[in-house]
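Working notes, beginning with the structure itself.
Every read-out reported here was derived from the displayed coordinates using simple, explicitly stated rules and does not represent laboratory data. Fair warning: this is a prediction, and the values are worked out from it, not measured in the lab. Methodologically, a virtual Cβ is constructed for each residue, glycine included, from the backbone with ideal geometry; neighbour enumeration extends over all protein chains shown.
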Amino acid sequence: MKNLALHWKILIGMVLGILFGLGMTSVPGGAKIVGDWINPFGTIFVKLLKLIAVPLIIASLVKGISDLKDISKFRNIGLRTIGIYIGTTVIAITIGLLLVNIIEPGNGVSEETITKLTDTYANSEGVKSKMQEASKQKNSGPLQFVVDMVPDNALSAMSNNTAMLQVIFFTIFLGISMLLIGEKNAKPLKDFFDSLNEVVLKMVDLIMLSAPFAVFALLANVVVSSNDPDLLVALLKYALTVVGGLLIMISFYMLLVSIFTRKNPFWFLQQLSPAQLLAFSTSSSAATLPVTMERVEEHIGVDKEVSSFVLPVGATINMDGTSLYQAVAAVFISQALGFDLSLSGQLTIIVTALLASIGSAAVPGAGMVMLVIVLESVNFPAEKLAIGLALIFAVDRPLDMCRTVINVTGDATVSALVAKSVGKLHDPKPKNWNDHLDEVKSN
């Protein structure tokens with residue numbers, strides 16, 4: 001076990017967590033036991049990852065910008081990143097729409113299932129909170145997301161993991177200002193951030209030592225708190241449509257990696273797999289961000305000046321998996337509830353899902369909030385909105401886990417493409433948590 005690669009250890013932890021969770025479902029009070037004594041270890045792990053996310057973004061991005069000799073390179077990186085992110089998101093939504101129109105999963109849902117799902121979820125707190133959040137986002141102006149990018153208090157932004165774009169804005173502003181005061185004047189601050197970057201990356205290595213145990217705890221809790229199995233089976237066709245679309249997106253990413261970076265796509269997936277497995281376990285691309293950055297930089301070979309910008313921005317605005325899911329979910333709900341969705345309505349879904357993904361938080365459940373905005377954009381009946389959400393609420397968590405894997409994979413793929421295009425993709429140089437252990441050991 002000691003010599004196993006990290007991704008195998010995490011995979012074993014996931015399988016054991018699922019089996020343990022299934023076993024505890026047949027034990028009286030099993031869900032409470034797992035919730036009280038197992039799940040806290042997974043929660044602590046996620047909190048540790050979130051703890052270092054902001055310091056890592058700041059240190060990594062400042063180092064990346066300050067290492068640039070030509071400031072125009074940063075503009076090139078930024079434009080290519082946004083352009084590719086928009087392109088992959090549109091492709092993801094289109095794949096989702098094509099699949100759901102071909103398979104038509106909503107046409108196979110019985111009235112009995114719709115009634116049962118409505119009774120179970122339509123008035124739940126989960127559905128109500130998603131609708132309230134969506135209403136708040138929808139009522140904001142068209143340029144509100146641009147306004148929200150600019151913080152009025154840098155320290156306040158750094159204390160909030162959902163304000164990633166504000167942190168990125170401030171850090172880019174700081175990094176560019178450091179370049180403009182000259183290398184000599186910027187050196188003390190640059191040395192500080194260089195050192196901070198190394199320290200935070202070492203923290204990632206240390207946190208990852210507990211990853212196999214953490215995913216065991218997280219998945220055991222997901223299994224014991226899962227919903228009515230009969231309802232899950234009733235929604236199987238819809239869930240398989242989403243998963244099929246996500247698998248097509250993975251294949252698309254690997255095609256891009258193979259063609260444009262000349263890297264072996266299977267090697268690419270193997271290097272990224274610990275981040276993908278954590279994304280599946282946590283359902284949060286923001287929580288997974290420190291691990292994604294570490295894998296992309298050290299194990300895939302993307303230069304820090306590229307990864308430090310592309311990955312944090314991607315965790316915030318690039319949600320290919322979530323956008324694909326919204327396309328499938330919106331059409332599925334329309335099919336199941338007999339709402340006629342025209343071609344122009346489906347084209348509206350593409351635009352709305354793209355715009356909604358930019359302003360959505362990289363946290364569990366954000367996709368449901370975006371879905372409400374998408375449904376309202378095609379004039380879906382307001383009185384049926386809660387029923388529509390109730391239809392897919394039962395399988396939202398497992399699908400959220402799957403689509404987060406695609407979000408993270410998309411971010412890593414784009415970082416490799418951008419790095420290759422600007423000559424910043426090199427041979428990987430992985431580090432271990434104990435590289436300098438001998439230096440602090442007493443003889």
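Each of the peptides 296-302, 62-68, 194-200, 11-17 was scored by the mean count of other Cβ atoms within 10 Å over its residues; in descending order, highest first, they stand as 296-302, 62-68, 11-17, 194-200. Rounded to the nearest whole Hz, the Karplus-based 3J(HN,Hα) values (6.51 cos²θ - 1.76 cosθ + 1.60, θ = phi - 60°) of the stretch 33-49 follow the sequence 4, 5, x, 7, 10, 10, 4, x, 5, x, 4, 4, 4, 4, 5, 5, 5, with x at glycine and proline. Put simply, the C-alpha atoms of the stretch 221-364 give a gyration tensor, and the ellipsoid matching it has half-axes of 30, 19, 16 Å, longest first.
From its DSSP helices (H runs of at least four residues, each -39,500 (n - 2.57)), the chain gives a residue-normalised ellipticity at 222 nm of -24500 deg cm²/dmol.
Can you flag which of LYS69/LYS424; LYS9/LYS431; LYS190/LYS304; LYS190/LYS420; LYS47/LYS429 are past 23 Å Cα-Cα? Distance filter (> 23 Å) returns LYS190/LYS420; LYS47/LYS429.
With both labels modelled 7 Å from their Cα along Cα-to-Cβ, the SER110 to LYS69 distance reads 7.1 nm. The slack in the chain from VAL243 to GLU376, taken as 0.36 nm per residue of separation less the alpha-carbon distance, amounts to 45.4 nm. Here each label is just a point 7 Å from Cα along the line to Cβ, and for THR162 and ASN123 those points are 2.7 nm apart. Taking LYS190, LYS429, LYS237 in turn, the Gaussian network model of the chain (Cα-Cα springs below 10 Å) assigns the largest fluctuation to LYS429.
Phi-derived couplings, Karplus 6.51 cos²θ - 1.76 cosθ + 1.60 at θ = phi - 60°, listed residue by residue for the stretch 97-103: 5, 4, 5, 5, 6, 6, 7 Hz, with x used for Gly and Pro. Extension gain for the segment LEU22 to LEU343, taken as residue separation times 0.36 nm less the Cα-Cα distance, is 111.3 nm to one decimal. Stokes-Einstein diffusion for the stretch 222-277, with the hydrodynamic radius set to the Kirkwood value over Cα pairs and evaluated at 10 °C in a medium of 1.306 mPa s, equals 116 µm²/s.
With R₀ fixed at 51 Å, the C-beta to C-beta distance from TRP267 to GLU383 puts the FRET efficiency at about 0.50.
With all pairs of separate Cα atoms included, the stretch 6-430 yields a Kirkwood hydrodynamic radius of 22.1 Å.
Normalised by the number of residues in the chain, what is the relative contact order in percent for Cα pairs under 8 Å and 6+ residues apart? Can you show the working numbers first?
On the way: 619 pairs, mean separation 136.8, N = 443.
Over the chain, the number comes to 31 percent.
Can you give the angle from 0 to 90° between the axis of helix 343-359 and the longest principal axis of the chain, with both taken from C-alpha atoms, to the nearest 10? With rounding to tens, the tilt is 40 degrees.
Each of LYS441 and LEU236 was given a label point 7 Å from its Cα along the Cα-to-Cβ line. The distance between the two points is 5.4 nm.
Sorted into 10 angstrom bins from 0, the C-alpha pair distances of the stretch 18-115 split as 11, 16, 18, 28, 20, 7, 1 percent. Along the stretch 233-243 the Karplus relation, 6.51 cos²θ - 1.76 cosθ + 1.60 evaluated at θ = phi - 60°, assigns HN-Hα couplings of 5, 4, 9, 4, 4, 5, 4, 5, 5, 4, 4 Hz to successive residues, with x for each Gly and Pro.
Against the longest alpha carbon principal axis of the chain, how many degrees, from 0 to 90 and to the nearest 10, is the axis of helix 164-180 turned? Relative to the chain, helix 164-180 is tipped by roughly 20 degrees.
The Kirkwood radius of the stretch 147-214, taken over pairs of alpha-carbon atoms, gives through the Stokes-Einstein law at 37 °C and 0.692 mPa s a diffusion coefficient of 232 µm² s⁻¹.
With Cα atoms defining each centre, the stretch 269-310 and the stretch 70-87 are spaced 19 Å apart in the structure. On full extension, the segment bounded by LEU51 and TRP433 gains 135.7 nm, given 0.36 nm per residue less the C-alpha separation.
Within the listed set LEU425, LEU375, LEU143, the Gaussian network model of the chain (springs between alpha-carbon atoms below 10 Å) gives the highest mean-square fluctuation for LEU143. Largest GNM mean-square fluctuation among THR409, THR88, THR288, using the chain with Cα springs under 10 Å: THR88. Our note on the geometry: Cα centres of the stretch 103-174 and the stretch 414-443, 35 Å apart.
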